[in-house]
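Participant: Take this structure, written in structure tokens, and hold onto it; I'll ask about it next.
Bear in mind these aren't lab numbers, they're just calculated from the coordinates by the rules spelled out. These figures come from a predicted structure and were not determined experimentally. Cβ coordinates were reconstructed from backbone atoms using ideal geometry, including for glycine residues, and neighbour counts include every protein chain displayed.
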Amino acid sequence: MIITITGPRSVGKSTVSKILAKKLKLKYTSSDEIGEKAMKEFGGLDKAIKSGIINKFIKKDAYSLIKKEYELDNFVFDLSGGSISSTKFEEASNQVKKIAKEKSKFIIGLLPTEDIENSIEFLFERESKRAHFREMDKLELMKKVDQNYKKFPGSLKELCNKIIYVKNKTPEEIIEEIRAYIN
């Protein structure tokens, strides 16, 4: 069984995916970790993104690495939101969505709330605490969160079997909601 968990950055995908995998006795796989390994020679995923090296990688190899993971079985896939929502690399995102739909028994989308503005505020608060955004100008970060988030609600509704709103829920409550759904 493959369960894919996806959603915007900082919504809690990794935390939920790791705990869910442990509870279900499944392997945990992360698209960010796949990217980190692939970009190791360039200083890691974050540096590759900032330098632009990631662009060539996405065009050439990103889909094939994700597809390779989906050839395995019995894991929870922490699938980055960027891999399914990129407008810059729309073809790659479409390929990732297609393989996720074909291979996953369940695709669970995590969103903060049903309200877009409330969701943006929630994600902004979380993003502003992340190491690679702490130094960023707060207005610039808010603009980035706003732009990135608005493509998610519609995209996830098309892709996912279930959407779970995470604000004011503990990871355990989210996992119980997922477990109730998949059972």
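Participant: With respect to the numbered conditions (1) within 21 Å of residue 144 (Cβ to Cβ); (2) crowded, with 18+ Cβ neighbours inside 10 Å; (3) more than 17 Å from the chain's Cα centre (by Cα), which one is the sole condition not fulfilled by residue 35?
Facilitator: Going through (1) within 21 Å of residue 144 (Cβ to Cβ); (2) crowded, with 18+ Cβ neighbours inside 10 Å; (3) more than 17 Å from the chain's Cα centre (by Cα) one by one, residue 35 breaks only (3).
Participant: Would you confirm, using the coordinates I've provided, whether residue 23 is in contact with a helix residue (DSSP H, G or I) (Cβ under 8 Å, 6 or more places away or on another chain) and part of a helix (DSSP H, G or I)? Walk me through it before giving the result.
Facilitator: On the way: in contact with a helix residue (DSSP H, G or I) (Cβ under 8 Å, 6 or more places away or on another chain): yes; part of a helix (DSSP H, G or I): yes.
For residue 23, the condition - in contact with a helix residue (DSSP H, G or I) (Cβ under 8 Å, 6 or more places away or on another chain) and part of a helix (DSSP H, G or I) - is met.
Participant: Still on this structure, please answer the following. Does residue 123 meet the test of being within 22 Å of residue 35 (Cβ to Cβ), assigned to a helix (DSSP H, G or I) and in contact (Cβ under 8 Å) with a residue 12 or more places away in the chain?
Facilitator: Yes, satisfied.
Participant: Report every pair of residues separated by at least 6 positions or lying on different chains whose Cβ atoms are under 6 Å apart, first residue within the range 38-67 and farther than 11 Å from residue 89 by Cβ, second among the acidic types (Asp, Glu) and in a helix (DSSP H, G or I).
Facilitator: What qualifies is 44/36; 45/36.
Participant: Continuing with this model, one more query. In the set 99, 108, which member is in contact with a helix residue (DSSP H, G or I) (Cβ under 6 Å, 6 or more places away or on another chain) and outside any helix (DSSP H, G or I)? Don't jump to the end; show me each part of the working.
Facilitator: Numbers: 99 fails: outside any helix (DSSP H, G or I).
Result: 108 is the single residue among 99, 108 that is in contact with a helix residue (DSSP H, G or I) (Cβ under 6 Å, 6 or more places away or on another chain) and outside any helix (DSSP H, G or I).
Participant: Shifting gears a bit: Right, residue 19: of a type in the set (A, V, I, L, M, F, W, C) and farther than 15 Å from residue 81 by Cβ or not?
Facilitator: Taking the combined requirement at face value, the residue satisfies it.
Participant: Among the residues of the range 63-86, write down those that are surrounded by fewer than 22 Cβ atoms within 10 Å (Cβ to Cβ), in a helix (DSSP H, G or I) and of a type in the set (S, T, N, Q).
Facilitator: Within the range 63-86, 64 is the sole residue that qualifies.
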